[in-house]
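Below is one structure; the comments refer to it alone.
The values are calculated or read from the model by the stated rules, or taken from the named source; none is laboratory data. Since the structure is predicted, the reported quantities are computational estimates derived from the model, not experimental observations. In this analysis, Cβ positions are derived from the backbone assuming ideal geometry, glycine residues included, and neighbour counts consider all displayed protein chains.
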Amino acid sequence: MSGRWTWFNVTSVVLGFAFLYIPIILLVIYSFNESRLVTVWAGFSTRWYVEMFNNQGLMDAAWVTIRVALVSATVATVLGTLAALALVRYTRFAGRTLFTGMVYAPLVMPEVITGLSLLLLFVSINMDRGFWTVTLAHITFSLCFVAVVVQSRLVSFDMSLEEAAQDLGCTPFEAFWKVTLPVIFPAVISGWMLAFTLSLDDLVIASFTSGPGATTLPMKIYSQVRLGVTPEINAVCTILIGLVAIGVITATMVTKQRAVADARARQADPA
Amino acid sequence: MKSLGNVRRSFTPWADGAARPYIAFENVTKRFGDFTAVDDLTMHVYEREFFSLLGPSGCGKTTLLRMLAGFEEPTSGDILLDGQSLKGVPPHQRPVNMMFQSYALFPHLTVADNIAFGLKQEGMERGAVAERVDQMLKLVKLEQFARRKPHQLSGGQRQRVALARSVAKRPKLLLLDEPLGALDKKLREETQFELMDLQEQLGLTFMIVTHDQEEAMTMSDRIAVMDAGIVVQTGTPGEIYEAPNTRYVADFIGNVNMFEGRVTAIDDGLAEMETGDGFGIRAVAQPGVSAGQHAWFAIRPEKVDVTRRKPDQDQNAVEGEVWDIAYLGGLTVFNVRLDSGTIVKATVLNSERAVEDPIGYEERVWLSFDPDCGILLER
Ligand SMILES: Nc1ncnc2c1ncn2[C@@H]1O[C@H](COP(=O)(O)OP(=O)(O)OP(=O)(O)O)[C@@H](O)[C@H]1O
Ligand SMILES: [Mg+2]
């Protein structure tokens with residue numbers, strides 16, 4: 001890669017970013033539109049934000065979504081990390097290949113099938129559909145994403161670190177808790193964030209597994225859009241975008257700060 | 001270091017039949033799949049001993065240490081520590097600390113926290129931990145680096161942190177897997193002496209793996225020379241060097257000249273041998289050597305005298321031509337080519353080297369040695 005700006009480079013970067021961000025920018029701009037008509041600009045206003053907060057249905061859906069995402073991401077992270085550990089550590093147990101395949105299958109399974117099969121399961125065990133069924137469904141499909149993220153970190157984890165911890169007096173569990181977990185923690189956190197966002201924007205599986213009183217935000221938005229797009233929806237989406245952006249920026253800054261601190265420490269001491 | 005040397009000389013528990021070994025490997029075999037890494041090995045190490053394992057790469061040194069530390073179970077045989085079998089005792093319950101060949105430093109902890117890890121784990125009180133950490137940092141000369149993370153250190157510095165971390169708990173038994181390999185000569189020698197001091201003062205038992213035979217010679221009470229999962233010889237540095245029991249050991253430790261031949265007579269421990277190089281040898285034989293058998297005579301280069309004049313002895317003398325001279329400051333190494341074509345190495349201390357008329361290239365010289373300077377080996 002050369003660092004030179006050629007016309008070709010500039011054009012492709014501009015086109016790429018335009019393709020990615022123009023729709024989002026339009027959405028944000030129109031969320032501040034005075035007019036009820038989404039495509040006609042009639043001056044700046046924040047009225048849709050006020051309306052959005054007064055829309056009880058929308059707020060309920062948002063609250064359900066956040067609870068589902070928090071619970072399912074956390075449970076999926078614990079289970080996914082355990083699955084990753086089992087896959088990496090116990091390389092010789094019977095049926096390992098089968099287990100690996102089974103953990104990864106939901107990654108490539110069409111969501112419609114996952115949703116449908118979970119629905120059938122819940123119906124057949126007579127489980128009332130609602131908050132817990134959506135949460136369970138989200139745990140199931142985000143677990144494998146967490147497992148993949150954590151596993152890729154564990155493969156490069158030096159097992160002798162755990163041995164060293166045991167050598168210095170830790171039980172195997174303490175060694176995991178004091179050494180392995182802190183070392184792989186960034187991967188666990190990324191796994192959690194991935195699971196959280198997956199749950200946040202899932203529409204298909206939630207539609208299959210949710211019931212009355214547990215409408216998630218994507219479901220709500222989708223059903224409203226079918227009746228016509230209101231600028232209210234634009235406002236909700238803008239807030240979602242804002243939240244995601246803050247999350248991404250914070251994560252980046254934390255990582256960067258650590259790198260800067262390390263560099264400082266290196267300069268402070270004589271080599 | 002003189003006084004240390006004297007203390008060490010009187011320390012010979014292995015010669016005392018009644019002494020109980022501190023570590024006993026009893027017929028230990030370790031297999032990985034169908035590969036045998038340690039083969040029916042029996043070895044005893046005594047309390048307060050500084051014991052070195054020496055051997056080529058892959059001969060099973062690390063495997064031995066790992067079995068002692070509890071990370072591998074012997075396939076058969078037993079390991080006793082202070083008379084107790086270690087079978088089934090998990091690593092964290094063994095009074096043993098190990099320094100890993102790969103260092104295994106905790107990447108998320110600073111140098112100081114790495115060293116403090118084991119101390120905190122055993123519940124040592126804060127002030128005492130800090131004091132011990134400072135002491136350890138001083139030992140390995142890393143005082144200014146206490147707050148760095150391992151990835152901000154050089155290879156040699158990391159090695160020193162690993163060493164400090166394993167020594168910090170002052171375990172009764174310390175296993176060091178190539179603890180000084182990444183250090184420069186000066187730092188290595190200083191650390192060697194400080195380790196020996198520490199071991200002496202605290203009365204610890206050290207088992208150390210090294211590739212550096214000089215290091216093994218300097219530090220150890222005894223050395224075990226290993227080859228492909230077995231111990232070929234165990235002995236003090238002097239025994240290993242002066243009386244190797246096989247050609248393998250003689251060759252592994254230091255330089256050696258080897259002459260092959262047939263034993264013609266044995267009397268009173270002295271054997272006569274006719275070599276293929278056209279001269280007779282009369283030398284101390286290994287017990288068990290008998291007349292008529294094939295044997296090898298091993299002699300160290302510094303035991304071979306180089307003279308212009310023919311020495312007045314018929315045996316243990318042979319003529320040759322100076323092939324190469326290497327001047328090493330303190331000594332000079334002559335490579336002398338015998339008429340049979342064999343090259344013999346002889347080192348001469350330069351205090352004895354005639355400065356006015358030094359022996360030069362292509363000169364005819366006589367090589368000679370005393371009967372008790374080398375050893376006749378069966379294998
Ligand atoms: N977990 C394992 N699985 C299979 N083979 C192993 C395992 N650990 C060690 N070995 C084999 O056992 C033999 C001895 O290994 P070991 O690590 O003890 O050698 P070493 O003497 O320490 O060598 P070096 O000086 O290179 O460190 C080697 O041939 C190695 O390949
Ligand atoms: Mg090794």
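Look at segment B:175-187 and say how many of its residues are within 17 Å of the chain's Cα centre (by Cα) and crowded, with 18+ Cβ neighbours inside 10 Å.
Summing the residues that are within 17 Å of the chain's Cα centre (by Cα) and crowded, with 18+ Cβ neighbours inside 10 Å in segment B:175-187 gives 6.
Check B:194, B:178 and return the single one that is among the acidic types (Asp, Glu), touching a residue at least 40 places away in the same chain (Cβ under 8 Å), within 16 Å of ligand 2 (Cβ to nearest atom) and in contact with a helix residue (DSSP H, G or I) (Cβ under 9 Å, 6 or more places away or on another chain).
B:178
If I filter segment B:270-287 for residues that are surrounded by 15 or more Cβ atoms within 10 Å (Cβ to Cβ), in contact (Cβ under 8 Å) with a residue 60 or more places away in the chain and among the acidic types (Asp, Glu), do I get at least one hit?
Yes: segment B:270-287 contains one or more residues that are surrounded by 15 or more Cβ atoms within 10 Å (Cβ to Cβ), in contact (Cβ under 8 Å) with a residue 60 or more places away in the chain and among the acidic types (Asp, Glu).
Would you confirm whether any residue within segment A:155-164 is over 30 Å from residue B:163 (Cα atoms) and not small (Gly, Ala, Ser)?
No, because not a single residue in segment A:155-164 is over 30 Å from residue B:163 (Cα atoms) and not small (Gly, Ala, Ser).
Out of segment B:23-61, which residues are among the β-branched types (Val, Ile, Thr) and in contact with a Leu (Cβ under 9 Å, 6 or more places away or on another chain)?
Residues satisfying the conditions are B:23, B:28, B:29, B:38, B:45.
Do you know which residues across segment B:70-103 are under 15 Å from residue B:208 (Cβ atoms), within 13 Å of ligand 2 (Cβ to nearest atom) and either buried (at least 21 other Cβ atoms within 10 Å of the Cβ) or in the same structural domain as residue B:175 (by TED's automatic domain parsing) (or both)?
B:98, B:99, B:100
Would you say residue A:164 is touching a residue at least 24 places away in the same chain (Cβ under 8 Å), surrounded by 19 or more Cβ atoms within 10 Å (Cβ to Cβ) and either assigned to a helix (DSSP H, G or I) or of a type outside the set (Ser, Thr, Tyr) (or both)?
Here the answer is no, as residue A:164 does not meet what is asked.
Could you give me the residue pairs with C-beta distances under 7 Å whose first residue belongs to segment B:61-80 and is away from chain A (no Cβ under 14 Å), whose second residue is within 13 Å of ligand 1 (Cβ to nearest atom) and assigned to a helix (DSSP H, G or I) wherever it lies, and which are 6+ apart or on separate chains?
The qualifying pairs are B:74/B:67; B:79/B:67; B:79/B:68.
Given the condition part of a helix (DSSP H, G or I), near ligand 1 (Cβ under 10 Å from one of its atoms) and not hydroxyl-bearing (Ser, Thr, Tyr), answer yes or no: does some residue in segment B:70-87 qualify?
Scanning segment B:70-87, I find no residue that is part of a helix (DSSP H, G or I), near ligand 1 (Cβ under 10 Å from one of its atoms) and not hydroxyl-bearing (Ser, Thr, Tyr), so the answer is no.
What number of residues in segment B:24-64 are among the acidic types (Asp, Glu) and either within 8 Å of ligand 1 (Cβ to nearest atom) or in contact with a Phe, Trp or Tyr (Cβ under 7 Å, 6 or more places away or on another chain) (or both)?
Total meeting the criteria: 1.
Among B:242, B:260, which is the only one that is more than 16 Å from ligand 1 (Cβ to nearest atom) and not assigned by TED's automatic domain parsing to the domain that holds residue B:209?
B:260
Out of A:189, A:139, which single residue is in a helix (DSSP H, G or I), crowded, with 22+ Cβ neighbours inside 10 Å, more than 12 Å from chain B (Cβ to nearest Cβ) and within 20 Å of the chain's Cα centre (by Cα)?
A:139
Is segment B:8-19 home to any residue that is within 16 Å of ligand 1 (Cβ to nearest atom) and either part of a loop (DSSP other than H, G, I, E, B) or surrounded by 17 or more Cβ atoms within 10 Å (Cβ to Cβ) (or both)?
Checked segment B:8-19: no residue is within 16 Å of ligand 1 (Cβ to nearest atom) and either part of a loop (DSSP other than H, G, I, E, B) or surrounded by 17 or more Cβ atoms within 10 Å (Cβ to Cβ) (or both).
Being polar (S, T, N, Q) and either within 14 Å of chain A (Cβ to nearest Cβ) or within 16 Å of ligand 1 (Cβ to nearest atom) (or both) is the filter here, so list the residues in segment B:200-221 that pass it.
B:210, B:213
Got at least one residue in segment B:121-138 being among the polar types (S, T, N, Q) and in the same structural domain as residue B:216 (by TED's automatic domain parsing)?
No, the conditions are met nowhere in segment B:121-138.
Say we look at segment B:40-69 and pick out the residues that are within 25 Å of residue A:160 (Cβ to Cβ) and surrounded by fewer than 16 Cβ atoms within 10 Å (Cβ to Cβ); which of these is farthest from ligand 2 (Cβ to nearest atom)?
So the residue we want is B:56.
Residue by residue, here is whether (1) crowded, with 24+ Cβ neighbours inside 10 Å; (2) within 13 Å of residue B:115 (Cα to Cα); (3) touching a residue at least 60 places away in the same chain (Cβ under 8 Å); (4) away from ligand 1 (no atom under 16 Å from the Cβ) holds:
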{"site": "B:132", "(1), (2), (3), (4)": "no, yes, no, yes"}
{"site": "B:135", "(1), (2), (3), (4)": "no, yes, no, yes"}
{"site": "B:143", "(1), (2), (3), (4)": "no, yes, no, yes"}
{"site": "B:148", "(1), (2), (3), (4)": "no, yes, no, yes"}
{"site": "B:153", "(1), (2), (3), (4)": "no, no, no, yes"}
{"site": "B:170", "(1), (2), (3), (4)": "no, yes, no, yes"}
{"site": "B:173", "(1), (2), (3), (4)": "no, no, yes, yes"}
